[in-house]
Amino acid sequence: MRKIKYSKDVDVLLIEVSDRPIDYAEEEGQIIVHFTKDGEPVLLEILNAREFMMSSLTSLLEEREIAIP
């Protein structure tokens with residue numbers, strides 16, 4: 001993993017997995033994945049990151065699956 005950054009003012013978690021150029025993005029619920037022209041993931045954006053992380057941690061502690069809205 002290259003970089004992880006949290007923007008508190010907009011509650012977004014950014015996870016950079018590559019430094020290649022971004023060509024397009026796809027959004028699924030509160031997650032946006034940015035890809036290269038070859039379809040390689042470059043950047044993950046998690047919107048409403050606090051809620052996402054709290055739900056994820058709770059599911060880990062309770063050993064259950066969660067649905068990503």
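What the table shows:
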read-out	value
Label-reachable residues, region 26-53, where backbone N falls under 16 Å from a point 7 Å from residue 8's Cα toward its Cβ	49-51
Residue 12 long-range amide H proximity, modeled H, under 5 Å	7, 49
Ranking of 58, 36 by count of other Cβ atoms within 10 Å, fewest first	58, 36
In sequence order, calculated HN-Hα J values of region 34-48 (Karplus, 6.51, -1.76, 1.60; Hz; x Gly/Pro)	9, 10, 7, 5, 8, x, 7, x, 10, 9, 10, 10, 10, 7, 6
Cα-centred dipole magnitude for the chain, charges only on beta-carbon of K, R (+1) and D, E (-1), debye, nearest 20	300
Degrees separating the helix 49-62 axis from the principal Cα axis of the chain, which is the longest one	50
Amide proton proximity set for residue 43, modelled H, under 5 Å, gap of 5+	17, 34
For the chain, calculated [θ]222 nm from helices alone, where every DSSP H run of n ≥ 4 adds -39500 (n - 2.57)	-6500 deg cm²/dmol
Label assignment, percent of Cα pairs over 20 Å apart derived from the structure, set (1) 36; (2) 64; (3) 60	(1)
Positive dipole terminus of the chain, leading residue within 14, 61, 33 (C-beta point charges)	14
J(HN,Hα) series, region 14-22, from Karplus relation 6.51 cos²θ - 1.76 cosθ + 1.60, nearest Hz, glycine and proline x	10, 10, 8, 10, 7, 9, 6, x, 8
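Computed from the coordinates by the stated procedures, all read-outs in this text should not be read as laboratory data. Just so you know, these numbers come straight off a predicted model, no measurement behind them. All Cβ positions, glycine included, derive from the backbone under ideal geometry; neighbour counts span all protein chains shown.
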